[in-house]
Structure formats: structure tokens, C-alpha cells
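Report on one structure; see the data block that follows.
The values are calculated or read from the model by the stated rules, or taken from the named source; none is laboratory data. Small disclaimer: the values here were computed from a predicted structure and weren't measured. Using ideal geometry, Cβ is built from the backbone for each residue, glycine included, and neighbour counts are taken over all protein chains shown. Quick note on the areas: whole protein, heavy atoms, side chains included, nothing else; ligands and nucleic acids left out. Shrake-Rupley method; radii C 1.70, N 1.55, O 1.52, S 1.80 Å.
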Amino acid sequence: MKKATTAELKRINRSNIFKLIYAEQKIAKQDIAAKLQLSLPPVTQCLKELEQMQLIEKNGRFESSGGRKPQVISCVRKSRIGFGIEVLKNQIRIIAVDIYGSILKESRIDLFYANTPEYYRQLGDFVNSFVLSMRIADKRILGVGIAVQGLVAPDGLFITYSPILGCTGAHLEDFSKYIDYPCRLIHDSEAAAFAELWFSRDITDAIYLALSKNLGGAVVINSALHRGQGIGSGLIEHMVLEPGGRPCYCGKKGCLEAYCSADALIGGDKDLDSFFAALHSGKSDQAVRWDRYLDYLSTAINNMHMLIDYEVILGGHITPYFNESDFYKLNKLVHEKCSFPEQRDYIHIGKCSHAVVATGAALLYVNEFLDSI
């Protein structure tokens, strides 16, 4: 094995020190040396370089029982900013996040999607204006993740399938032409899954299911999105639940989308608020629909669990309405449908309840930056 050069060792030490500071959030120099089993001189030198790079800062001192109080060393949370946008049929949402994924600012604009130069120009104007309003140096801007309701090609350069948004065939360069910063495309469900795993660091392998207006899904293996080899991976919404059943927007019948999306649940109600208000007031029609919905959902979750024994994370617009009784009932149904005597609770409600899609799109750039240190 080739021996690492002095410069390479220095870079490795600097990377390990930064990642430790990032993970601990607040730490003293002496603790860095102890945890990484390094002597103080190389730690001091690396800290000096990271401070010159404006990636870390000193924030006061720790309490001490005796002697000089050690300095608190932390990452500069706003040293880099990632931006994410969620493109919907009649709206665009944009957010900015720091290196920990905290939302710094957000905005939205009503704009109907159209695959035209005028739409993309308005998109660019909106994004550029939002970024400029934050008054940050260009070197701190990581890029803009663009999440769309559609499947994205493996190379990320164009959209292969998008019947909801209607942007099949649109290219990354169409969306990014008028945006002054680096851009990348991502399927909205994959963006949401990435955000959920970001805030659930104890989970590395999972199936993500977005219970939103339209259903969505993604598979995460070893903390990375699994994209498959062809059409994609995690397209749970188009698994057939009832052969020959309800029509789906994809043109087929019986897809999970037609049974477990928010649109499928709402029925004749105005929106989710109206549905759950009626449900909790004891209305029988909504109670029947909710029980039927949980039955369909539990069947789908059990089917997924039989295929791959991972954690299941539920996100999207419906999950905030789940109460303890609903979650208990769902788990009970899933266990009853399982062919094996397993009682492990592997279903989780997502932790990212606000702007999850846009957040995930932004975090792709943040994650890439952290890996580069």
C-alpha cells in the first residue's frame, strides 16, 4: 500500500477534525485531540486552517472546575447555503438551508407550469431575486436543487416521465437557463426521502412513502438513494393493489396511488382539514373511508416489508393528522397481515414536516459540500 504523503495526511486530519466538530456541534480542542488520537500541534494547525476558511469559529468557553476554561469550537452554520425549489403545477416554493439543514428563509410564487421560455425566465427571476435578497457572497452559495413531480434520468439531465406536471422531456438546461447558480434536477419523492433520512441519522436503510396529494416513494440503502437501473426505484405509487381497480393517472388501473393518496382519501370533502374535522367529530362516512384507507395502506406496507426488511418512513400531507390511535391501528393491521410472527415496530412518522421536498433538494448540495471537506 502506498504511504500517504504529509500533505495527504494533513488533508485527512483536517477533514476528520471538521466532521467531528460538525457532529458534536460544540467541542474543545483538547477533546478533538483525544477523540481522534492526535497530538495538539496538528490539531491546532488544522483548526487554524479551518478558521481561515471561515468554516469554524470560537464561541465562548466551556465551564471548568479548575484552570483555564477551554474554548468552544463550532462550525459556522451559515458558511455555506443550499437552495431548494419544489416545482408544482401551479406554484413554486423555494427555501434556503444552512449546513445543518435548518431553514433560513423561504418564499413561494403562484406560477402555472408550462414548458416555455417565458415560464423558465420567470422561474429564474424568482430564484435569482430570492438568493440576492439574502445578501450572501457567491462563494457561500452551493447551488439550487430543483425537485419536480416526475422521474429524472439517471444522469440528471432530463425528465423521463411526468404526467402530473406535464414536463416529460424537459431538460435541466431548460430549468437552469435563467438561474445564475449551479442547478440539478431530482424527483420530488427522492428529495423528500433524502430530507427525512437527513433528520433521522439513526436510520440508514428505509422505504419512504409520501402520503401527499399524489403518492410518492423512494428506497434508501446505506444512506443513499437507490435509483435502480432503468425506469427508477421506489415507484411504490404504481404497485398494483387491486387488479382492474380504480383508474390511475398513469393510465393503468388499481395502482396504490388510486387508494392511498390524499386525493383518494378526501373524496367529496374540500380538503384534508375538512375530512379530518368531520372524522374527529364522529361522522360515519369519513370513519368508513379512514378505516378503508388504513386497510389499503397496511396492505401496501406489509407487501413492501415482505420484499425488503427495512424501516418504513411515512411522510407527506396526511401524516400530521395521524393521532396515537391511528398509528396504533395501522401498526396492528400491518402485524396482522404479516405472514410471520414479527412484532418489531418498523414504521415511523417522518420528522421533517415542513417544506420537506424543497429541503431535500437543497440538502443534496449541502451533503456534497460536507463530503468534500
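Among the candidates 77, 68, 93, single out the residue that is of a type outside the set (A, V, I, L, M, F, W, C), in contact with a Lys or Arg (Cβ under 6 Å, 6 or more places away or on another chain) and either surrounded by fewer than 22 Cβ atoms within 10 Å (Cβ to Cβ) or closer than 30 Å to residue 162 by Cα (or both). Don't jump to the end; show me each part of the working.
Values: 77 fails: in contact with a Lys or Arg (Cβ under 6 Å, 6 or more places away or on another chain); 68 fails: in contact with a Lys or Arg (Cβ under 6 Å, 6 or more places away or on another chain).
Selected residue: 93, the only one of 77, 68, 93 that is of a type outside the set (A, V, I, L, M, F, W, C), in contact with a Lys or Arg (Cβ under 6 Å, 6 or more places away or on another chain) and either surrounded by fewer than 22 Cβ atoms within 10 Å (Cβ to Cβ) or closer than 30 Å to residue 162 by Cα (or both).
Restricting attention to region 101-142, and to residues there that are among the small types (Gly, Ala, Ser) and under 25 Å from the mean Cα position of the chain (by Cα), which single residue is nearest to residue 361 (Cα to Cα)? Show your work before the answer.
Restricting attention to region 101-142, the residues satisfying the condition of being among the small types (Gly, Ala, Ser) are 101-102, 107, 114, 124, 129, 133, 137.
From what is left, the residues that are under 25 Å from the mean Cα position of the chain (by Cα) are 101-102, 107, 124, 129, 133.
Numbers: 101: 11, 102: 13, 107: 15, 124: 17, 129: 19, 133: 20 Å.
Restricting to residues being among the small types (Gly, Ala, Ser) and under 25 Å from the mean Cα position of the chain (by Cα), the top hit is 101.
Please list, ordered by residue number, the helices (runs of 4 or more DSSP H) wholly in region 1-84 having 2 or more residues that are basic (Lys, Arg).
Working: elements: 6-24, 29-36, 40-52.
The helices (runs of 4 or more DSSP H) meeting that bar are 6-24, 29-36.
If a residue has to be within 10 Å of residue 144 (Cβ to Cβ) and outside any strand (DSSP E or B) to count, how many in region 174-203 make the cut? Before you say what the answer is, go through the steps one by one.
To start, the set of residues in region 174-203 that are within 10 Å of residue 144 (Cβ to Cβ) comprises 175-176, 179-184.
From the residues that got through so far, the ones that are outside any strand (DSSP E or B) too are 175-176, 179-182.
Selection size over region 174-203: 6.
Can you tell me which condition residue 139 does not meet? The list is (1) open to solvent by 70 Å² or more (accessible area, probe 1.4 Å); (2) without any contact (Cβ under 8 Å) to a residue 40 or more places away in the chain; (3) not in a helix (DSSP H, G or I), and all the others hold.
(3)
Out of 262, 277, which single residue is farther than 30 Å from residue 204 by Cβ, modelled with pLDDT under 95 and either hydrophobic (A, V, I, L, M, F, W, C) or out of contact with any strand residue (DSSP E or B) (no Cβ under 9 Å at 6 or more places or on another chain) (or both)?
Values: 262 fails: farther than 30 Å from residue 204 by Cβ.
When all the criteria are applied, what remains is 277.
Which residue out of 153, 192 is under 19 Å from residue 227 (Cα atoms), surrounded by fewer than 17 Cβ atoms within 10 Å (Cβ to Cβ) and modelled with pLDDT under 95?
Within the list 153, 192, the selection yields 153.
So which residues in region 207-244 are touching a Cys at 6+ places or on another chain (Cβ under 8 Å), over 19 Å from residue 346 (Cα atoms) and of a type outside the set (D, E, K, R)?
215, 238, 239, 240, 241
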